[in-house]
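Scroll down for the structure; my scribbles are underneath it.
The values are calculated or read from the model by the stated rules, or taken from the named source; none is laboratory data. Given the structure is predicted, the values throughout are model-derived calculations rather than measurements. Cβ atoms come from the backbone with ideal geometry, glycine included; neighbour counts cover every protein chain shown. Surface areas here come from the heavy atoms of the whole protein model, side chains and all, with no ligands, DNA or RNA. Shrake-Rupley method; radii C 1.70, N 1.55, O 1.52, S 1.80 Å.
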Amino acid sequence: MKINIITLGCSKNSVDSEVIASSYAKMGHQVVFEEECPSNIVLVNTCCFIKDAKEESIEEIFHQLDRKNEGLTQKVYVVGCMAQRYKDELMQEIPEVDGFYNFAELAKLLENTNFDLLTNEGRTLSTPKHYAYLKISEGCNRRCSFCAIPNIRGNQISKPIDLLIKEGTSLANSGVKELILIAQDLTNYGIDITKEKNLDQLLLRLVDIKGIEWIRLHYAFPYHFPYKVLDVMSAYPQVCNYLDIPIQHVSEKVLQSMSRPSSEKEILQLIDTIRNKIPDITLRTTLLSGFPTEGKKEHDELVHFVEKVRFNRLGVFSYSAEEDTPAFPLGDPVKPKEKERRVQEIMELQEGISLELNAQKVASIMRVLTDSFEEEENCYIGRTEGDSPDVDNEVIIGTEQPLTVGNFYDIEIMEALPYSLIGEYRKLL
Ligand code: SF4
């Protein structure tokens with residue numbers, strides 16, 4: 001059969017789709033991703049961690065049901081976080097769907113009683129062949145009051161190091177040069193296996209995999225940070241001088257009500273320590289705006305923090321009241337317009353910071369991994385060590401001669417824009 005997998009939400013969901021795809025491929029089926037092409041089955045891998053994500057998932061399900069009515073597919077199946085969290089309600093509300101499968105029921109869908117999303121071997125990549133996400137654990141032990149993920153994905157389960165090395169090696173053998181490490185809480189890796197945080201131990205094994213040139217870290221947690229990770233980062237060039245560390249907020253009052261016990265002082269100390277250890281590190285963060293206990297004063301504290309820290313990469317979400325989360329009883333008092341204004345104020349500030357930081361790169365030669373060729377604009381798109389796919393800056397490369405997508409090149413930076421760099425090809429690395 002031909003199976004079309006549509007993935008919504010985060011990169012962890014993309015890995016789940018790739019593991020499911022590999023299982024289907026082992027059964028002899030042909031699997032495609034996100035294609036508007038006729039197929040026998042469409043699998044919608046959903047997301048539901050905030051309101052917008054739920055709406056997007058529902059829209060996609062109805063879009064695929066329309067395609068079924070047009071005869072472009074025979075079956076529409078729904079999996080992922082929404083099937084896990086709302087299966088009963090969805091079966092009531094959208095009976096046209098041929099099947100909702102929560103995580104435990106995927107084994108039935110894939111006719112494989114041993115199927116397990118985290119430990120199943122094999123991936124059919126949905127990313128360009130030169131980079132891949134590596135999901136090192138599932139679930140989360142923390143209980144941030146705004147977050148529904150622990151209710152959906154459960155407590156943290158770390159994937160054993162040997163399985164991750166096997167997966168990383170097989171990806172490298174298939175041409176992957178960049179591994180992007182992801183989890184709900186990356187820095188807590190291993191705590192459920194060895195009672196120790198041992199992300200550093202995992203990195204020390206991953207750097208030995210032949211062919212892997214970049215290892216990137218996403219979703220680090222800002223408290224009780226395992227500083228040994230920075231020792232590995234500074235000792236091994238394969239570990240990118242890049243760290244994604246969602247801070248969410250800095251106001252003590254807001255952090256307290258988010259059940260994220262910390263303070264601006266502690267967070268600044270952490271960032272100073274990281275920057276002292278890795279001076280040219282690219283720091284990415286995510287902030288949450290409009291939380292019920294965030295008034296004008298607390299918002300201004302956050303704006304002042306962004307001004308002071310000057311993150312290289314920054315994203316802001318606006319608060320979405322999620323039922324079954326500890327914060328839900330607080331209601332959602334910040335008006336949507338006001339949330340929008342606060343998010344915009346932070347992003348306008350960040351745009352200026354990002355342009356200033358990018359301008360410092362002009363006239364330098366940077367190592368760039370090419371991700372794609374844009375026919376219309378006759379240019380290549382790539383990324384530096386400081387850019388993760390889809391969320392960070394891009395390098396727009398002009399060149400007289402053809403380049404090979406998936407290769408590293410020396411690129412001279414000619415111009416800076418807020419969220420991209422313009423460069424010219426100099427030489428193949
Ligand atoms: S660490 Fe992340 S996934 Fe875990 S509860 Fe907090 S926000 Fe949710």
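Provide a single number: the residues in segment 32-45 that are under 23 Å from the mean Cα position of the chain (by Cα) and either in a strand (DSSP E or B) or modelled with pLDDT of 95 or more (or both).
Selection size over segment 32-45: 5.
Scan segment 386-405 for residues that are under 19 Å from Ile180 (Cα atoms), among the charged types (D, E, K, R) and open to solvent by 50 Å² or more (accessible area, probe 1.4 Å) and report the count.
Going through segment 386-405 one residue at a time, the tally reaches 2.
Glu105 passes all but one of (1) farther than 30 Å from Phe317 by Cα; (2) over 26 Å from the mean Cα position of the chain (by Cα); (3) modelled with pLDDT of 95 or more; which number fails?
Failing condition for Glu105: (2).
With respect to the numbered conditions (1) farther than 27 Å from Leu110 by Cα; (2) of a type outside the set (Gly, Ala, Ser); (3) modelled with pLDDT under 95, which one is the sole condition not fulfilled by Thr187?
Tallying (1) farther than 27 Å from Leu110 by Cα; (2) of a type outside the set (Gly, Ala, Ser); (3) modelled with pLDDT under 95, Thr187 fails exactly one: (3).
Rundown of residues vs (1) open to solvent by less than 10 Å² (accessible area, probe 1.4 Å); (2) in a helix (DSSP H, G or I); (3) assigned by TED's automatic domain parsing to the domain that holds Ser145, yes/no style:
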| residue | (1), (2), (3) |
| --- | --- |
| His224 | no, no, yes |
| Met233 | yes, yes, yes |
| Gln256 | no, yes, yes |
| Pro261 | no, no, yes |
| Thr273 | no, yes, yes |
| Leu287 | yes, no, yes |
| Glu301 | no, yes, yes |
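Out of all the residues in segment 235-254, which are within 16 Å of the ligand (Cβ to nearest atom), open to solvent by 10 Å² or more (accessible area, probe 1.4 Å) and in contact (Cβ under 8 Å) with a residue 60 or more places away in the chain?
Gln248
Could you list, in sequence order, all residues of segment 189-230 that are touching a residue at least 40 places away in the same chain (Cβ under 8 Å) and more than 20 Å from Glu167 (Cα to Cα)?
Ile191, Asp192, Phe221, Pro222, Tyr223, Phe225, Tyr227, Val229, Leu230, listed by residue number.
Quick one: in segment 316-346, which of the residues that are of a type in the set (D, E, K, R) and assigned to a helix (DSSP H, G or I) is surrounded by the fewest Cβ atoms within 10 Å (Cβ to Cβ)?
Lys337
Quick one: Tyr101 ticks every box in (1) more than 16 Å from the ligand (Cβ to nearest atom); (2) outside the structural domain of Glu55 (by TED's automatic domain parsing); (3) among the aromatic types (Phe, Trp, Tyr) except a single one, so which number is it?
All conditions pass for Tyr101, except number (2).
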